[in-house]
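Since every read-out is calculated from the coordinates, none of them should be taken as a lab result. Since this is a predicted model, take the numbers as computed values, not measurements. Every residue, glycine among them, receives a Cβ derived from its backbone with ideal geometry; neighbour counts consider all protein chains shown.
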Amino acid sequence: MAKINVWKRMFPVRTHEGAVAQKVDAKSELRRSVLTCLLWEDTFYEKGNDIAKRIAALAAENKPEDVAALAREARGKMQLRHAPLFLTRELARRKGAGPLVAETLEEVIQRADELGEFVALYWKDKKQPLSAGVKRGLARAFTKFDAYQLAKYDRESAVKLRDVLLLCHAKPKDEAQAALWKKLVENTLESPDTWEVALSAGKDKRENFERLLREGKLGGMAVLRNLRLMLASGVDPKLIRERLDKGVARALPFRFVTAARHAPKLEDALEKAMLQGIAGIEKLRGSTGLVVDVSGSMNYKLAKKGETTRMDAAAGLAILLREKAADFSIATFSEACVEPPPRRGFALRDAILGSQAHSGTYLKRALTQLHDKQEWRELERLIVITDEQSHDGIVRAWTPRAYVVNVAPYKHGISYGNGWTHVDGWSERIVDYLTAVEADTAA
């Protein structure tokens, strides 16, 4: 008879800094890897290729319906571009998933250039015929784009838009679309009046940016992304202010944090546009305590060629939560636990960044110190923003509602169980999520 009461050596999973983490199921692990991931980008602790391989392996372990739902969430709610395409590509490897692939692909492709990007992903390992589900999804997605959108993204690339059109055999909705597609195939589309086209033609940067601003042809996101270039080119700040006053649609708070770093003289206009964009989000009732990770790994860029850091993402979320919380307290943690003043807007960003040196990640120590203070002990809600790579782990949550917002795609985290609700990503939709969770709990 085999012995069953035998001690077994256990090897717990750990964070990159050595704290014991929680092993989670494949669905949860896929979520944490995807919803904070800018595909192929190296992070402080992991290589981008390793993260992509893990996502592919986990996608194969999960139910096709769950993979499809996650791809839609990553694109629609988290506004990620490459990760949802990659998930859909992995979904297309599953037998019998054709209808689901077509439906998902149609939904996650929201920009015309993503048509070619998906086919390039499909052919990344080797060039092969597109599956029937992929063809149907691409064909449906193609009908969503008008002349301006197709012309804007009809660029020299590995897979051109006309290549995708010929591969998927899309059917136009009407005669006007048929004529448009004929121009695309024949390479006779008129070039759109965009800043990308103007600059690629070698035209004067200042002159073109100012003309586009005066004519209302420069979108809010384009202003945020090109703010440093516009100012360096001598663009009139008054024109930039006037455009920002009109609002910036679909811009996450961290976009403004990053932009303001390069344009301190425009901080007031950027702050106004940022707060205007989040004004309609529902308030959080009751008292909220926010604990922000300012350790060294949070200073790492989200993308190699970009300017935004995980610290920017955390600061953007902090600014958002400060506006939406009725009663608010804040602390930062690294080597120490510090309580900066609960300011608003960019002043809160400055208070967070300057609160202490950005070094180790001692979350458990910080939470223990905060728990010893009555005002923190009596909070109704506690929110931690971190990349979860703590040296010393985490404590059991003591508030009725407790959340850890993870802003990195690392394999293991510390915030599953122990009274904590795990949340992935830095979208402004986080407040919607928290209010929905709490409403369900109350019901």
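Odds and ends about this structure:
- Here the Gaussian network model covers the chain, with springs between Cα atoms less than 10 Å apart; of Pro342, Pro400, Pro64, Pro400 fluctuates the most.
- Of the GluC sites (Glu not before Pro) found in the stretch 108-194, those in coil by DSSP whose Cβ has at most 16 other Cβ atoms within 10 Å are Glu156, Glu186, Glu190.
- Loop-resident GluC sites (Glu not before Pro) (DSSP state other than H, G, I, E or B) in the stretch 371-422 with no more than 11 further Cβ atoms inside 10 Å of their Cβ: Glu378.
- Result for the chain in a Gaussian network model with C-alpha springs under 10 Å: among Val185, Val101, Val67, the largest mean-square fluctuation is at Val185.
- Note on the chain: helix-only mean residue ellipticity at 222 nm, from DSSP H runs of 4+ residues weighted -39500 (n - 2.57) and normalised by residue number, equals -13500 deg cm²/dmol.
- Other-chain or far-sequence residues with amide H under 5 Å of Thr309's (modelled H): Leu302
- Simple spin-label estimate for Lys238 and Lys171 in nanometres, 7 Å along Cα-Cβ: 5.6 nm
- With each label modelled as a point 7 angstrom along the Cα→C-beta vector, the Arg377-Ala347 pair spans 3.1 nm.
- DSSP bridge pairs, the chain: antiparallel proportion in percent, nearest 5: 20 percent
- Candidates Leu212, Leu224, Leu382, ranked by Gaussian network fluctuation over the chain, Cα under 10 Å, top entry: Leu212
- Approximate spin-label separation Glu65-Leu199, in nm, with each point projected 7 Å along Cα-to-Cβ: 4.5 nm
- Rounded, prolate or oblate (a/c below 1.5 giving rounded, otherwise prolate when a/b exceeds b/c) for the chain by Cα gyration tensor: oblate
- Of the trypsin sites (Lys or Arg not before Pro) in the stretch 199-243, the ones in a loop by DSSP (not H, G, I, E or B) with at most 15 other beta carbons within 10 Å are Lys203, Lys217.
- An oblate overall shape is assigned to the stretch 150-197, the ratio a/c of its alpha-carbon gyration tensor axes (a ≥ b ≥ c) being 1.5 or greater and a/b not exceeding b/c.
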